[in-house]
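See structure below.
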Amino acid sequence: MTEQSEHSFSEQPEAIMQATYRVLHEHGYADLTIKRIADEYGKSTAAVHYYFETKDELLAAFLDYILERFVDSIQDIETTDPQERLELLLDQMLVDPQEDSDLSIALLEMRSQAPYKEEFRERFQQNDEYMRYMLKAVINHGIDEGVFNDVDAAHATRSLATIVDGARTRAVVLDDDGELESARRTASEYVDAVLL
């Protein structure tokens, strides 16, 4: 696990994270500044700097915030049926991003900085590890319950993660949410052909 910023989420104002979200949504990563976040937050830049010394520190915390929201959405899935749970997980990963394509663009811009910014790379790795963990856990559960074929769960997880990652990137680069819809169908076809 990576170290979180000096202040825990419970101490970091939700309002700063929401302001960061809105600025990323409107201006993208390249034009995001502490001043714009402070203006959106309705406070001075000093108020933002009280919690975050640098823009990169704030954005690393924002990535933690996004991951926490994703984790919460996954934990809200109430079914224990492996097939239904897997379908809902794939919806979370491929259908829900269609609702906020501007944020997807900003996150891809931030992802492109990951090779150069360790705090970004660590957050994206953590997000990827969590996504793969959840997929593998539900696949293993389905195998144990006799719902899924006895396949290599690690390989099936990598295959589904590749479908998800590729679709998210293509949707942003090609400015086409149809890529996410197509990938969602492909993921279902993979589940039908390999797991069921």
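With charges set only on the Cβ (+1 for Lys and Arg, -1 for Asp and Glu), what does the dipole of the chain come to about its Cα centre, in debye to the nearest 20? Intermediate values should be presented prior to the final figure.
Values: 18 positive and 42 negative charges, 107 e Å.
Once rounded to the nearest 20, the dipole reads 520 debye.
Kindly provide the Kirkwood hydrodynamic radius of the chain in Å, to one decimal, from all pairs of distinct alpha carbon atoms.
Details: mean 1/r = 0.0558 Å⁻¹.
After inverting the mean inverse Cα-Cα distance, the result is 17.9 Å.
Between the helical axis of 118-144 and the dominant principal axis of the chain, each derived from Cα atoms, what acute angle in degrees is found, rounded to the nearest 10?
For 118-144 against the chain, the angle is about 20 degrees.
Round to the nearest 10 and give me the degree value, 0 to 90, for the angle of helix 14-27's Cα axis relative to the longest principal axis of the chain.
Tilt of helix 14-27: around 80 degrees.
Mind giving me the FRET efficiency for ASN149 and ILE74? R0 is 25 Å, r the Cβ-Cβ distance, nearest 0.05 is fine. Intermediate values should be presented prior to the final figure.
Values: r = 24 Å, r/R0 = 0.95.
That pair, ASN149 with ILE74, gives E of 0.55.
Which stretch or stretches of segment 139-163 have amide N atoms under 19 Å from the point lying 7 Å from VAL95's Cα along the Cα→Cβ direction?
139, 160-161, 163
If you stretched the chain out fully between ASP81 and ALA30, how much longer would it get, using 0.36 nm times the residue separation minus the C-alpha to C-alpha distance?
Details: separation 51, 0.36 × 51 = 18.36 nm, distance 4.26 nm.
Length gained, ASP81 through ALA30: 14.1 nm.
Per 0.36 nm of contour for each residue apart, how much would the distance between VAL173 and LEU196 grow if the chain were fully extended, relative to their Cα-Cα spacing?
Numbers: separation 23, 0.36 × 23 = 8.28 nm, distance 3.27 nm.
Here the segment from VAL173 to LEU196 would lengthen by 5.0 nm.
Compare PRO13, PRO82, PRO115 in a GNM of the chain, Cα atoms joined below 10 Å, and give the one with the largest fluctuation.
In the Gaussian network model the winner is PRO115.
Setting aside same-chain residues fewer than 8 positions from LYS43, which lysines have a Cα under 17 Å from its Cα?
Answer for LYS43, where 17 Å is the Cα cut-off: LYS35, LYS55, listed by chain and number.
Answer rounded, prolate or oblate for segment 58-161, using the Cα gyration tensor with square roots of eigenvalues a ≥ b ≥ c: rounded when a/c is under 1.5, else prolate when a/b is larger than b/c, else oblate.
On the way: a/c = 2.41, a/b = 1.82, b/c = 1.32.
It is prolate, given that a/c is not under 1.5 and a/b is the larger ratio.
No value in this document is a laboratory result; all are computed from the given coordinates. Quick caveat: nothing in here was measured; it's all calculated off a predicted structure. We place every Cβ from the backbone using ideal geometry, glycine too, and count neighbours over all the protein chains shown.
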